[in-house]
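The values are calculated or read from the model by the stated rules, or taken from the named source; none is laboratory data. This one's a predicted model, so the numbers in the text were calculated from it and none came from an experiment. As a convention, Cβ positions derive from the backbone with ideal geometry for all residues, glycine included, and neighbour counts pool all protein chains shown. Note: areas computed on protein heavy atoms with side chains; ligands, DNA, RNA excluded. Shrake-Rupley method; radii C 1.70, N 1.55, O 1.52, S 1.80 Å.
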Amino acid sequence: MPILENIKHETFVQCLLKGMSQRQSYLEAYPNSKKWKDTTVDNKASKLANTSEVLARLQELQERSENQAIASVTRRKMILTEILEDEEEKANDRIKAIDSLNKMESIGGESLTLKKDPFDELTTEELRKLARSDKYD
């Protein structure tokens, strides 16, 4: 589905996608509504959010976003697999790659929770290698 013809509707959808509430999204898309009562804005926002074109556009963008996140997970798994299969890598680095893959797959009862930057523990050489790699783009 292409961008909505009504730019205010598209703005509303984009704001919803960013996690804004219906009220906030409506106020962003329709700046003149800032003078209105909250109940009026809420009613108009709810009505707009339930139109077929807005629902369809929002669903499409959410699916695209989910697909990109999935691709990102797949890319990380491929990079980790490359590290663990590279016999020139240090044994410790290969073990870390296996451990990370296990966590991503919840093996050993652990589930993956990223509380810090996943690149924090990589060496400068490893970061450079990742930056140069266009193998998975």
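The residues neighbouring H9, those whose beta-carbon lies less than 14 Å from its own, together hold a net charge of -1 under the Lys/Arg +1, Asp/Glu -1 convention.
Rolling a 1.4 Å probe across all protein chains gives S46 an accessible area of roughly 50 Å².
For the cross-link pairs K18/K103; K8/K44; K18/K129, the ones whose C-alpha atoms lie over 21 Å apart are K18/K103; K18/K129.
Using a cut-off of 11 Å between beta-carbons, work out the net charge of the residues near E89 (Lys and Arg +1, Asp and Glu -1, E89 not included). Around E89, the charge tally is -4. Peptide packing: for 61-69, 48-56, the average count of neighbouring Cβ atoms within 10 Å per residue gives the ranking 48-56, 61-69, highest mean first. Ranking of R128, R57 by solvent-accessible surface, largest first: R128, R57 (1.4 Å probe, protein heavy atoms only, all chains present).
Measuring with a 1.4 angstrom probe and ignoring ligands and nucleic acids, E87 comes out at about 150 Å² accessible.
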